[in-house]
Amino acid sequence: MQLTITKAQNLKPHPADDNLSFGKIFTDHMFNMDYNLEKGWHNPRIEPYQPIVMEPSTMVLHYGQAIFEGLKAFRNSTGAIQLFRPRDNFNRFNKSAYALCIPQIDEHFALDALKQLLHIEHAWVPKAEGTSLYIRPSIIATDPYLGVRASYTYRFFIILCPVAAYYAEGFNPVKIWVTQEHVRAVRGGVGHTKTAGNYAASLFAGEEAHRNGFTQVLWLDGIERKYVEEVGSMNIFFVINNTLITPMLNGSILAGITRDSVIKLAKLWGIPVEERKISIDEVFSAHESNQLQEVFGSGTAAVISPVGLIKYGEKVITIGDGKVGRISQRFFNAITDIQYGKIEDPMNWIEPV
Ligand SMILES: *Cc1c(COP(=O)(O)O)cnc(C)c1O
């Protein structure tokens, strides 16, 4: 397949590195590729960032057959651009595609196309400490048809946006709220995929949490409403009695790449790790017996998000006096130092562009 490149005529001004946000400004170019039954995936192209024109009947708008990924490009100390575990993102993209009846993409081709796009948008990768270029690959169903079935046509696109350091104002622990009313996903559903509907399903509880002064929702399992699953759209870790504990992947939890990186580093450092069911009652009783040392979320956007307070029903606990824990800080430093090429990459996670 031949990738065609059409350069934008008018280039946008770049925001200053100290004036970045998240997800608002997009670069000059995007990657597009189409799928139909006759040709399969075809017409891969890099072209100016532009609207996708579609009929109101387009299937993705009605039935949510859509998947995405999220990863970042970093500028290292030599000025070169590098990606963090991008093959894992495209691999997970295909797993999401499979679950949503979307045709598989060629992962190598997609990574090559992304690299070409990044070459063209090189100057959009910000330089300031902690900043990066966020990458959003997505596939949407494009048949103009009302009726519930898998689409026969799709669009795969990749867009890019420069993003600020997540912790511009310091590494601040967040307050989280355990919802007893709502669930994010159930085993047998699509909780293990990055599909649009999972995020639509999380909005109501998220808004409720915000109204009550909390940053994120802590989700329990959909069946017994007892076991911890995720926090917001991050995976969650507990340090209890010097052991790192995270919910096992059970079908309703997203297999985060940051989660996997934390687990692999913990093993490298000799920190005991348990991937297992952990009930919210166990978390609260560990706190009661002074064994709950740290709680943090993990995900591409924040890398590590320390949790300082959890509310469950009428019970509230504070963790580590609301300060950032030593282990949370260590994971944050190690992962970001690898991402920015400040330290040796012990795991072969870095992909030069
Ligand atoms: C993307 C995502 C994560 C984190 O995955 P990373 O690969 O670490 O960014 C966790 N939970 C949900 C629901 C997600 O969508």
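The values are calculated or read from the model by the stated rules, or taken from the named source; none is laboratory data. Fair warning: this is a prediction, and the values are worked out from it, not measured in the lab. All Cβ positions, glycine included, derive from the backbone under ideal geometry; neighbour counts span all protein chains shown. Note: areas computed on protein heavy atoms with side chains; ligands, DNA, RNA excluded. Shrake-Rupley method; radii C 1.70, N 1.55, O 1.52, S 1.80 Å.
Listed values, structure above:
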| quantity | calculated |
| --- | --- |
| Yes/no for Arg85 being in contact with a Phe, Trp or Tyr (Cβ under 8 Å, 6 or more places away or on another chain), open to solvent by 10 Å² or more (accessible area, probe 1.4 Å), of a type outside the set (Val, Ile, Thr) and under 22 Å from Thr6 (Cα atoms) | no |
| Any hit, region 180-197, residues being acidic (Asp, Glu) and either crowded, with 18+ Cβ neighbours inside 10 Å or touching a Gly at 6+ places or on another chain (Cβ under 8 Å) (or both) | no |
| Elements of type strands (runs of 3 or more DSSP E) in region 49-107, at least 1 residues being in contact (Cβ under 8 Å) with a residue 60 or more places away in the chain and away from the ligand (no atom under 14 Å from the Cβ) | 71-75, 81-84 |
| Selected residue (criterion: farthest from the ligand (Cβ to nearest atom)) from residues of region 176-216 that are more than 14 Å from Gly313 (Cα to Cα) and in a strand (DSSP E or B) | Gln216 |
| Residue list for region 198-213, filter: open to solvent by less than 50 Å² (accessible area, probe 1.4 Å) and among the hydroxyl-bearing types (Ser, Thr, Tyr) | Ser202 |
